[in-house]
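Engineer: Encoded as structure tokens, here's the structure I'll be asking about.
Each value in this text was obtained by applying a stated rule to the coordinates, not by laboratory testing. Just so it is clear, the structure is predicted and the values come from calculations on it, not from any experiment. Cβ sites come from the backbone with ideal geometry, for glycine too, and all protein chains shown count toward neighbours.
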Amino acid sequence: MPKEVFTKAAKVQGIISRIRTQEAVFQAGHWSSAEDFERKLRTDGFIPPVPISHKYKFPDNLPEKECENMAMWLNYIIFFNPMRIYDTKKYVDMITNGTNMTDAEKQAWYDKQMQVTGEMTDSDKEHVVMFFENAQKHALSDFAKLARNLKKLNPEIADIKIDETSVHDLLDLIIGMTSRFHPDDIKYYMSTDDIEHARAVRHKLTDVLGYEPNVFIEPNRINKIVNGIIMQKNLQIGRTQ
């Protein structure tokens, strides 16, 4: 392979790699809000009456973070818009249209996106877009295959019904698992049409704890947790009297 061809391929691969690591995946890194909440309850002296977090199995013992990144990357590929590469300024204007972002915030986003890709020639742009367009041909089937494999490895979520043509369903299932949400909670939030009811019940946690935990828990399980905390609080009060 001629040196200039190798250099071109390396540059394009570098651009794609930076898009994946700096733009497509969660920049805050992997973490579990369910596990954090469970840990905080125990630190505050409360034993949850029902399990809050749940650890799942992943293909080939893949770390949760890698599975999460894989799902986010497939999601990015599926929704990739060539305008992101060909005209980044126009792309940012389109994405932010109708939002409350200030001109300064929009400019900061544009600057960040340009830092990710760096200066590109027309040829660079064509090759990057070609990569994504080729990847789009099988990204949805790869996404669905990953979800099927996860359901086979984890019988506790095998009965969760998902539309394998829905990127939203696929992403919700996998991110719910990598976030260690309990199977009952994933099932509920992927099937309910009454999210407002769930939010209303979640306020009970805020009322009894004094803060709002960043978790999604099925309403009946919230009631059990709240009742358990109230009971334990009363016992603690009784011991101090």
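Engineer: Please give the length that would be gained between D36 and K112 if that part of the chain were fully extended, namely 0.36 nm times their separation in residues minus their C-alpha to C-alpha distance (nm, one decimal). Could the numbers behind the result be given before it?
Structural biologist: On the way: separation 76, 0.36 × 76 = 27.36 nm, distance 3.04 nm.
Gain in length upon complete extension: 24.3 nm.
Engineer: Now for a separate question. Return the lysines within reach of K40: Cα separation strictly under 30 angstrom, same-chain partners fewer than 8 residues apart disregarded; answer none if there are no such residues.
Structural biologist: Of all the lysines, those that pass the test against K40 - Cα under 30 Å, at least 8 places apart if same chain - are K55, K57, K65, K151, K187, K204, K224, K233.
Engineer: Can you tell me the orientation of helix 122-153 relative to the chain, as the angle in degrees between its alpha-carbon axis and the longest Cα principal axis, to the nearest 10?
Structural biologist: 30
Engineer: As I understand it, the value is the acute angle between the Cα axis of helix 3-19 and the longest principal axis of the Cα atoms of the chain; what does it come to in degrees, rounded to 10?
Structural biologist: Between the helix axis and the principal axis of the chain, the angle is about 30 degrees.
Engineer: Moving on. What span do the alpha-carbon atoms of the range 3-240 cover on each of the three principal axes, reported in whole Å from largest to smallest?
Structural biologist: Per principal axis, max minus min of the Cα coordinates gives 77, 44, 34 Å.
Engineer: Under a point spin-label approximation (7 Å from Cα along Cα-to-Cβ), what is the S191-T99 distance to one decimal in nm?
Structural biologist: My value for the distance between the label points is 3.5 nm.
Engineer: At 7 Å along Cα-to-Cβ for each site, give me the label-to-label distance between D163 and E133 in nm.
Structural biologist: It works out to 2.8 nm between the two label points.
Engineer: To the nearest 20 debye, what charge dipole does the range 53-206 have about its Cα centre, counting +1 at the Cβ of each Lys and Arg and -1 at the Cβ of each Asp and Glu? Numbers along the way, then the final one.
Structural biologist: Working: 20 positive and 26 negative charges, 95 e Å.
That gives a dipole near 460 debye.
Engineer: If each DSSP helix of 4+ residues adds -39,500 (n - 2.57) and the sum is divided by the residues in the chain, what number results at 222 nm, nearest 500 deg cm²/dmol?
Structural biologist: Details: 11 runs with 161 residues, N = 241.
When only DSSP H runs of four or more count, the value is -22000 deg cm²/dmol.
Engineer: Report, to the nearest 10°, how far helix 64-78 tilts away from the longest principal axis of the Cα atoms in the chain, using its own Cα long axis and a range of 0 to 90°.
Structural biologist: The two axes meet at around 50 degrees.
Engineer: What is the Cα centroid distance between the range 212-230 and the range 1-69, reported in whole angstrom?
Structural biologist: Taking the Cα centre of the range 1-69 as reference, the centre of the range 212-230 is 26 Å away.
Engineer: Here's something else I'd like to know. Assuming a ≥ b ≥ c are the square roots of the Cα gyration tensor eigenvalues, decide whether the range 1-74 counts as rounded (a/c under 1.5), prolate (otherwise, with a/b larger than b/c) or oblate. Can you show the working numbers first?
Structural biologist: Numbers: a/c = 5.36, a/b = 3.15, b/c = 1.70.
Prolate shape, in that a/c is at least 1.5 and a/b is the bigger ratio.
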